[in-house]
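Notes to accompany the following structure.
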Amino acid sequence: MKRSQILGALAFATIAFAACNNADYQTSAGGLKYKIIDGGSKDSSKVGDVLKMNVLQKIEGAKDTVLTDTYGRLPAFVKIQDIPTGPTSYGPDEFFKKLKKGDSLITIMYVDSLIKKGIVQEAQMPPFMKKGDKIVLTFKVLEVFKNDSTAQADYQKELEKDAPRQKKEQEEMMKKMMKDQEAAQKADEAALEKSGEKAKQVKAVQDFLTAKKWTATPTAVGTFVKIDQPGTGAQVADGKFVTVKYDGKKVSNDSTFDANQFTVQLGVQPFIKGFEDGLRQFKQGGKGTIIIPGYLAYGKEGNGGVFKPYEPLYFNVEIVSVSDKEPAPQPMPAPQAHGPNDGHNH
């Protein structure tokens, strides 16, 4: 966020939260505390207009938590609805039709009131929300659009402007997720090795290979790979966009549980460790089979119970393409469950 954006957000937040302690806000028929700060515009808005707004949402209580902050991010675009006011109404959207460009709206909702009105079920409240807390929402109107097409055009501009930040944030989230998964994988593997369970899982795969009369080479990580064609194109490596056609089977009974094609940026997106390790043994055009001991597949979680804990799997694969750039999106087929690119290691 740029310095000016930071200062703007802080200044607005200071005004908003100071107002919560003043007596000059009003109470709606439904009991909602609110205050509208006039921005000086002579224009008016009406039902059907689209408000472009910065939004700051915070829970105040034993522990203050910011839930939403659009400053320096993609603004909110909200069409004004004809929300009836009355004892049952308890939300900021009933005041949107009163807002003009430059105006600010501050609303205070009490968690106890949300529960009493049946808007929130106490037993299903998120962990960051407690009885006695209050939810403070502040809105700053940046623009009022009189038709959907103009609002949509501006939304697309804002989306493009915000795309680099979103991409960076997503990459950081992916890196953290992969780091956490790697740490959990190592701890699990160490425990299995100490108990002797890892050796049993490896032997189960070796026995399967013997029964199949397959020749497969173990990698340093522990995946077994049978290479039918190594491929002649680019080498599969971290950072590359790899398109793979596969069918997945259970070692226990040779039953197919999934068959599909997908593209993944190797080493960047969360992935099954054994499958990822096996792909690195091929080049573009390569074909073969990746046989994965259970601790390198879905682990003790079994992908949410879909598989048995530490169930060994194997995948017949064909490396369709290996590229430095992400391929153009293709029409998606009907989704298939439990594929190896679903982001779960355990």
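Computed from the coordinates by the stated procedures, all read-outs in this text should not be read as laboratory data. All figures in this text were calculated on a predicted structure; none of them were measured in a lab. So basically every Cβ, Gly included, is an ideal-geometry build from the backbone, and we count neighbours across all protein chains shown.
Look at MET174, MET53 and count the other Cβ atoms within 10 Å of each Cβ; fewest to most, that gives MET174, MET53. The label-point distance for ALA234 and ALA62, in a model that sets each label 7 Å from Cα toward Cβ, rounds to 5.3 nm. Placing dummy labels 7 Å off each Cα toward the beta-carbon, the span from GLN81 to ASP258 is 3.7 nm. Taken over region 3-146, the convex hull of the Cα atoms encloses 122 Å³ per residue.
Between GLU326 and PHE128, the contour length at 0.36 nm per residue exceeds the alpha carbon distance by 67.5 nm. Note on LYS287 and MET173: the model spin-label points, each 7 Å out from Cα along the C-beta direction, lie 3.9 nm apart. Relative to the Cα centre, the charge distribution of region 199-261, modelled as +1 at Lys and Arg Cβ and -1 at Asp and Glu Cβ, gives a dipole magnitude of about 180 debye. Each Lys and Arg contributes +1 and each Asp and Glu -1, all at the Cβ; summed about the Cα centre of the chain, the dipole is approximately 280 debye. Computed from backbone phi, the HN-Hα couplings of region 248-253 come to x, 9, 8, 5, 4, 9 Hz, rounded to whole numbers (Karplus: 6.51 cos²θ - 1.76 cosθ + 1.60, θ = phi - 60°; Gly and Pro given as x).
Are there any helices in the chain, counted as whole DSSP H runs, that stretch 18 Å or more along their axis by Cα and score at least -1.0 on average by Kyte-Doolittle, and if so which? Answer set is 3-19, 197-212. Among the chymotrypsin sites (Phe, Trp or Tyr not before Pro) in region 121-202, those located in a DSSP loop and surrounded by at most 12 other Cβ atoms within 10 Å of their own Cβ are PHE128.
Short to long, the 5 Å bins of the Cα pair-distance histogram for region 196-323 hold 2, 12, 22, 25, 21, 12, 6, 1, 0 percent of all pairs. Globularity index of the chain is 1.35 (Cα radius of gyration / 2.2 N^0.38 Å, N = number of residues). If you wrap the tightest convex hull around every Cα atom of region 37-92 and split its volume per residue, you get 142 Å³. Under 18 Å from a label point set 7 Å out along the Cα-to-Cβ vector of GLU143, the amide N atoms of region 56-97 belong to 70-80. Here the extension length gained between SER44 and LYS117 equals 23.1 nm, from 0.36 nm per residue of separation less the Cα-Cα distance.
All C-alpha to C-alpha distances of region 229-269, sorted into 5 Å bins beginning at zero, yield P(r) values of 6, 19, 19, 21, 18, 13, 5 percent in whole numbers.
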